[in-house]
Amino acid sequence: MTEIVQSAAPSVDNLRRWSLVRRRSVKRQNNLVGYFFISPWLIIFLLFTLAPMVISLGLAFTNYDILSDDYEYVGTANFERMREDIRYERSVKATFKYVSWVVPLRLSFALAIAMLLNTKRRGVYFYRAAFYAPSIVGGSVAVAVMWRQIFGNAGIVNAFLEILGLDTYRWLGDPTRAIWTLIILAVWQFGSPMLIFLAGLKQIPSELYEVASIDGANGFQKFRYVTLPLLTPIIFFNLIMQSIHAFRQFTQAFIVSGGTGRPLDTTLLYSLYLYQRAFVNFKMGYAAAMAWVMLLVIALLTLISFWLSRYWVFYETKES
């Protein structure tokens, strides 16, 4: 009997070994199938995203002017030149002013409208689509051209002010008001964060509001102590995405300002100045350096946001 058990032991070990090899083979085959299906995206990412990023990093340390094949290595000269570039400083100030106003205003409007539309009233689906529509066409050239006409000297805004008997302004020619035309246009496109907020509001259990009502909480207290804490992950997500989007804004500033950042570079956003240096002045090396500075600044601000999120973002899966 002992001999039979001893002779059967190796066969059991072989069976276990074969089963392990079989599972690994199946897992490897599943991985290959997965990579096959995502291969179009991987190829496009490698060719049109990763490869250009690597090339631009190399160009950032050269004096490449796009019109010749001369790749003169200049080290960190492009980065040092930014400290002496007055227009670069203006673009940074204009961009931070733009982002600091656009992000909180857009998120505030998006959350307010989402709460209004978080009902079962008649026609609510039509209003959701209507409020989302500007975000669909908001980045198009046609909308930017329309916006430039609206705020022109003979535009609708000045015509409306004349009807009310108020003073008219040169919105696009006044250094103190030109940037606000871009800010208002960006805030008008609050559809995407609105839909995300609306989805987050749908996930809040109605029982919590019922309990708050029993405890005597009013509408503001329900918003302060129920809605906001449970909506903080959505707020954080929208904050990150909208900040990145605002830093990368280009089309609207290019069309509304005529591609120059006028007046007095007050609408010269960072991406617009980067475009001018690359495709107007043909300083591709300097433009590549600017692009990497933007990437590093956005990455740093994102990391800081993630670090600060531990103090105000509430996740239900974590202990409070």
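Observations
- Look at (1) assigned to a helix (DSSP H, G or I); (2) over 23 Å from Ile113 (Cβ atoms); (3) in contact with a Leu (Cβ under 6 Å, 6 or more places away or on another chain) and you find that Ala159 fails only one, number (3).
- Remark: pairs (first residue in the stretch 127-144, more than 18 Å from Ile113 (Cβ to Cβ); second residue in a helix (DSSP H, G or I) and at pLDDT below 80; Cβ separation under 6 Å; 6+ apart in sequence or on different chains) = Val143/Val137.
- Of everything listed in (1) modelled with pLDDT of 95 or more; (2) farther than 30 Å from Leu269 by Cβ; (3) among the hydrophobic types (A, V, I, L, M, F, W, C), the single unmet condition for Trp18 is (1).
- Index of the failed condition, Ile204 passing every other in (1) part of a helix (DSSP H, G or I); (2) touching a helix residue (DSSP H, G or I) at 6+ places or on another chain (Cβ under 6 Å): (1)
- Here Phe279 meets each of (1) more than 18 Å from Gln242 (Cα to Cα); (2) crowded, with 20+ Cβ neighbours inside 10 Å with one exception, condition (2).
- Here Leu172 qualifies as buried (at least 20 other Cβ atoms within 10 Å of the Cβ) and outside any helix (DSSP H, G or I).
- Within the stretch 55-73, considering residues that are hydrophobic (A, V, I, L, M, F, W, C) and surrounded by 10 or more Cβ atoms within 10 Å (Cβ to Cβ), the one nearest to Leu295 (Cα to Cα): Leu57
- When we screen Arg121, Arg83, Arg87, Arg106 for residues that are surrounded by fewer than 15 Cβ atoms within 10 Å (Cβ to Cβ), assigned by TED's automatic domain parsing to the domain that holds Gln189 and closer than 30 Å to Leu201 by Cβ, the only hit is Arg121.
- Summed over the stretch 63-79, residues that are within 14 Å of Arg277 (Cβ to Cβ) and of a type in the set (S, T, N, Q) total 2.
- When we screen Phe160, Phe126, Phe131 for residues that are of a type in the set (Phe, Trp, Tyr), more than 21 Å from Phe250 (Cβ to Cβ) and in contact with a Gly (Cβ under 8 Å, 6 or more places away or on another chain), the only hit is Phe131.
- Residues considered: Phe282, Phe314. Of these, the only one that is touching a residue at least 60 places away in the same chain (Cβ under 8 Å), outside any helix (DSSP H, G or I) and over 28 Å from Ala112 (Cβ atoms) is Phe282.
Residues are listed down the side, and each one gets a yes or a no for (1) closer than 29 Å to Val92 by Cα; (2) in the same structural domain as Ala110 (by TED's automatic domain parsing); (3) modelled with pLDDT of 90 or more; (4) in contact with a helix residue (DSSP H, G or I) (Cβ under 6 Å, 6 or more places away or on another chain):
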| residue | (1), (2), (3), (4) |
| --- | --- |
| Ala178 | yes, yes, yes, no |
| Ala186 | yes, yes, yes, yes |
| Leu230 | no, yes, yes, no |
| Asn238 | yes, yes, yes, yes |
| Ser243 | yes, yes, yes, yes |
| Phe247 | yes, yes, yes, yes |
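- Ala94 part of a helix (DSSP H, G or I), in contact with a Lys or Arg (Cβ under 9 Å, 6 or more places away or on another chain) and at pLDDT 90 or above: no
- Scan of the stretch 257-273 for residues that are surrounded by fewer than 22 Cβ atoms within 10 Å (Cβ to Cβ) and assigned to a helix (DSSP H, G or I), ordered by number: Ser271
- Against the list (1) under 30 Å from Pro233 (Cβ atoms); (2) polar (S, T, N, Q); (3) crowded, with 17+ Cβ neighbours inside 10 Å; (4) without any contact (Cβ under 8 Å) to a residue 24 or more places away in the chain, the condition Ser206 fails is (3).
- Ile183 satisfies every condition listed in (1) out of contact with any Lys or Arg (no Cβ under 7 Å at 6 or more places or on another chain); (2) buried (at least 18 other Cβ atoms within 10 Å of the Cβ); (3) outside any helix (DSSP H, G or I) except (3).
The values are calculated or read from the model by the stated rules, or taken from the named source; none is laboratory data. Quick caveat, the model's predicted, so the values are computed rather than measured. Cβ atoms come from the backbone with ideal geometry, glycine included; neighbour counts cover every protein chain shown.
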